[in-house]
Amino acid sequence: MKSLNRFWFYLLSLSPALAADTAAIQSALLDERVVYSVSVATNRVTTISFPSPIAGIDAAGVTTDPKVPGQFQLAHTRGSSFFSVRALGRNATANVNVRWGKHTYVLELAESSLPVLSFILETKPSGPGVQPAPIISPTRLLALLDKAKTFPLLKQQHPEAVAQVEFVTFTDQPCVTDFNDFEIRVEETFRFNPEDTLVFHLRLRNKTDVAIHYRADSFSLRVGNRLYQQSISDAAGLIPPKEEVTAYFAVTGTPDGARNELSLKNAFSVLVERLPIPPPATSQSTTNQPATTP
């Protein structure tokens, strides 16, 4: 109990100036399909908060007793809606699974000199002015894809048609998601602000001698701890051996129906659902055919 009191005293003695650092205070929407990455320091305390009391906590490499070795020290009072953690060594990593609201949420802890001091998990966006995402018809989404594909020509000949479009190219700093045998590279990104829609121009490269199949309607975008499913895509679903192919997909709003307001300065990761290799076509057997006599 004395060690726990010292732990909480350490929490309360944090510098107010440091706690006011907006980069050290983060929030995210609850999604049991997302792994939340949380940076934790050895000389600071990170408090992770849920909307209501936590049902249970399971952890690997985490201790609640300073006398018991572990990668992180955790303090939690049964029935409370938050817990606090501190790294016990450099380069420490561990996961904490939290049971809340009949769902399990996964947090990946990593030691860092730039920690998150308060990580707040919410069921919906907080604060005033949260706007719903616009309702965009499939026809309108197709038109946005076409604008992205012909953007250079439109900008040159009809600049008024793309006046509200933000544009970033990744020629100098490649934005690549590597899956070992194939990779997805973001070539260009467009933001259509009135529609709250981002369009991604991709190059998919197959590094192997075997064709790779994927679901053409399964693209998703990871930004930090959040995952955004596609609103539309234009893709073939196949990457031939040792070749590159082009694909486009768009993201509109957030998973909970609000505007995403995503900046093109974010670090993007693109995911897609891989399909199993189809079985080879079987040729017709000739073993049962009658023999001919010359």
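Say whether the condition of being within 18 Å of the chain's Cα centre (by Cα) and hydrophobic (A, V, I, L, M, F, W, C) is met by at least one residue in segment 210-217. No, that holds for no residue.
Out of Ala75, Ala55, Ala41, Ala87, one residue alone is of a type in the set (A, V, I, L, M), touching a Leu at 6+ places or on another chain (Cβ under 9 Å) and free of Cβ contacts under 8 Å to residues at least 60 places away in the same chain. It is Ala87. Within segment 48-95, restricting attention to residues that are assigned to a loop (DSSP other than H, G, I, E, B) and touching a Lys or Arg at 6+ places or on another chain (Cβ under 8 Å), the residue that is nearest to Leu30 (Cα to Cα) is Ile54. Here segment 205-258 is the region considered, the condition is being β-branched (Val, Ile, Thr) and touching a helix residue (DSSP H, G or I) at 6+ places or on another chain (Cβ under 9 Å), and the residue that is nearest to Leu145 (Cα to Cα) is Ile232.
One residue alone among Glu32, Glu108 is under 20 Å from the mean Cα position of the chain (by Cα), assigned to a loop (DSSP other than H, G, I, E, B), acidic (Asp, Glu) and under 22 Å from Arg226 (Cα atoms), and that residue is Glu32.
So, Thr171, is that one exposed (fewer than 15 other Cβ atoms within 10 Å of the Cβ), assigned to a loop (DSSP other than H, G, I, E, B), modelled with pLDDT of 90 or more and of a type in the set (Ser, Thr, Tyr) or not? In short, no.
Of the residues making up segment 245-265, those that are outside any strand (DSSP E or B) and in contact with a Leu (Cβ under 9 Å, 6 or more places away or on another chain) are Thr254, Pro255, Asp256, Asn260, Leu262, Leu264.
Inside segment 138-165, can you point out the residues that are exposed (fewer than 14 other Cβ atoms within 10 Å of the Cβ), touching a residue at least 12 places away in the same chain (Cβ under 8 Å) and not in a helix (DSSP H, G or I)? Gln164, the sole residue that qualifies. Residues in segment 174-204 that are more than 21 Å from Asp146 (Cβ to Cβ) and hydrophobic (A, V, I, L, M, F, W, C) were compared, and the one that is modelled with the lowest pLDDT is Cys175.
The values are calculated or read from the model by the stated rules, or taken from the named source; none is laboratory data. As the structure is a computational prediction, the values presented were derived from the model and not from experiment. Note that each Cβ is placed from the backbone with ideal geometry, even for glycine, and that neighbours are counted across all protein chains shown.
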